There are 2 protein chains.
Amino acid sequence: MNEASGRRAPADPSAVRPPMRDALVAAAFRLFTERGYEETTVDDIVALAGVGRRSFFRYFPSKEDVVFPDHERCLADMRAFLAEPDDGAADPVPRVCDAARLVLRMYAENPDFSVQRYRLTRKVPGLRAYELSVVRRYERALAGHLRDRWADRPGGTLRAEVTAAAVVAAHNNGLRSWLRSDGGVDAEAAVDQALGYVQDTFGETPGEATAPTAAVVAGRTAQDVVVVVSRRGAPMWRVVQEIESAFGRD
Amino acid sequence: MNEASGRRAPADPSAVRPPMRDALVAAAFRLFTERGYEETTVDDIVALAGVGRRSFFRYFPSKEDVVFPDHERCLADMRAFLAEPDDGAADPVPRVCDAARLVLRMYAENPDFSVQRYRLTRKVPGLRAYELSVVRRYERALAGHLRDRWADRPGGTLRAEVTAAAVVAAHNNGLRSWLRSDGGVDAEAAVDQALGYVQDTFGETPGEATAPTAAVVAGRTAQDVVVVVSRRGAPMWRVVQEIESAFGRD
């Protein structure tokens, strides 16, 4: 199995967040946890935070938005990251995986808050729906990048949409295993492993980066099936050597 | 590219739907189209359909549900289809693809309605959110089936979730290309092609079903990369023959 790309998204430019905004989030979560989400009104939140209603709506369009205060920033960061020049990288999948890691980083910045929110979101269908909409926006940003990169390929759009969905599903698998463990498992390792699987499945890096001619990729197929990824120009003797070694006939 | 599985989901057991329910859907869509979704109330709908409010709520929990009247039935059909014995099929991916085709069939049963709803859903964010929740329920049903089938594999859950997301993304890619064309493109062919790509990427069937020894899978990799799927016990001369033919050196 190939290693996931060693590249990482750039360091968070330590976004400056106003204290009042943080105070509103803290007050909201205290009330959501103590009384329940549905039972808490915006008036309750502003009373506890000691500010006026207008201040709340300056920062958050609705009560739902205070539950997910950082997704808009993270979406903007993701779009900016994807818009950066990629130094002519042939395979856009590693960059899309790195873009997904920005979401993990946002969750990992504040682990207690993330675990608390995860528990809350499980209980409130409206928040689940909100979260699905956000996830879909991340997926569209990733798919858009891949679609642009694969625009001149037959089936490029299909491939872009399927790959973006796979990246999001893998990222969320890793993220959830961390959230469910109350932060016990290593979040980054869980997401790296999940994204590594997608990179192996959809990326072009395996055949190019790990072997100059042919690479035998195991682990994602049945015991009795061997998948060989080879450059078209590889000498046949080299390909046969790789296959024979995979078949255990060397 | 390998052919998608030839299996198809079983014939729709021609669900009997009460005429009043259909009348409510028809009235609702006439009003949504003429006045707009937000501007139409449940009272307007029942007045046009000539029934009482109670009749509306007997069939639909909310105004949103009348926009998607067949998803609950389709979800139930999907779960029933996935629960059927699979005659020991080694690869669960073709069945999951067939289960996704049940959704396409639901849309294709009533093409005008589906195209009309697609246009409406684009315009109303609340309906988009509702649709995302439904899509997620389909995805969970598919992932649950794959998770059970791959329960004893390392990484089985990850693989199940990524594959289910890929199946849903591919299905929706085909479905959308049909809906956007106002029914002009062949819906089934579009979805078959998209699911064929997922089957090639995630299924185990390519190496087993389409060639007794080795199959060269093209179309999902870069121009200069060839992917060979081969049974471990295949004679080397046969594998080399397949690769040479793919390399254009025959």
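The values are calculated or read from the model by the stated rules, or taken from the named source; none is laboratory data. Just so it is clear, the model here is predicted, and its values are computed rather than measured. Neighbour counts are summed over all protein chains in view; Cβ atoms, including those assigned to glycine, are modelled from backbone coordinates with ideal geometry.
Couple of notes before you dig in:
So that you can scan it fast, the table gives a plain yes or no per residue for (1) acidic (D, E); (2) in contact with a helix residue (DSSP H, G or I) (Cβ under 8 Å, 6 or more places away or on another chain); (3) under 20 Å from B:D182 (Cα atoms):
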| residue | (1), (2), (3) |
| --- | --- |
| B:G52 | no, yes, no |
| B:D87 | yes, no, no |
| B:D91 | yes, yes, no |
| B:V124 | no, no, yes |
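- Number of positions in the range B:152-183 that are small (G, A, S), in contact with a helix residue (DSSP H, G or I) (Cβ under 8 Å, 6 or more places away or on another chain) and either in contact (Cβ under 8 Å) with a residue 40 or more places away in the chain or over 23 Å from A:R128 (Cβ atoms) (or both): 7
- Residue satisfying all of: in the range B:83-96; part of a helix (DSSP H, G or I) and out of contact with any Gly (no Cβ under 8 Å at 6 or more places or on another chain); surrounded by the most Cβ atoms within 10 Å (Cβ to Cβ) among these: B:V96
- From the options A:V162, A:V167, residue that is modelled with pLDDT of 95 or more, among the β-branched types (V, I, T) and closer than 25 Å to A:V67 by Cβ: A:V167
Matching residues to (1) within 14 Å of chain B (Cβ to nearest Cβ); (2) among the basic types (K, R); (3) in contact with a strand residue (DSSP E or B) (Cβ under 7 Å, 6 or more places away or on another chain):
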position	(1), (2), (3)
A:A99	no, no, no
A:N110	no, no, no
A:G126	yes, no, no
A:R136	yes, yes, no
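- Test: residue in the range A:225-247 that is out of contact with any Cys (no Cβ under 8 Å at 6 or more places or on another chain), modelled with pLDDT of 95 or more and under 30 Å from B:A90 (Cβ atoms): no
- Leading residue by the ranking (farthest from the other protein chains (Cβ to nearest Cβ)) among those in the range A:144-197 that are part of a loop (DSSP other than H, G, I, E, B) and over 19 Å from A:R117 (Cα atoms): A:A151
- Here is the figure for the range A:102-141: residues that are part of a helix (DSSP H, G or I), over 20 Å from A:A190 (Cα atoms) and in contact (Cβ under 8 Å) with a residue 40 or more places away in the chain total 10.
- Looking at B:A49, B:A11, just one residue is among the aliphatic types (A, V, I, L, M) and modelled with pLDDT of 90 or more, and that residue is B:A49.
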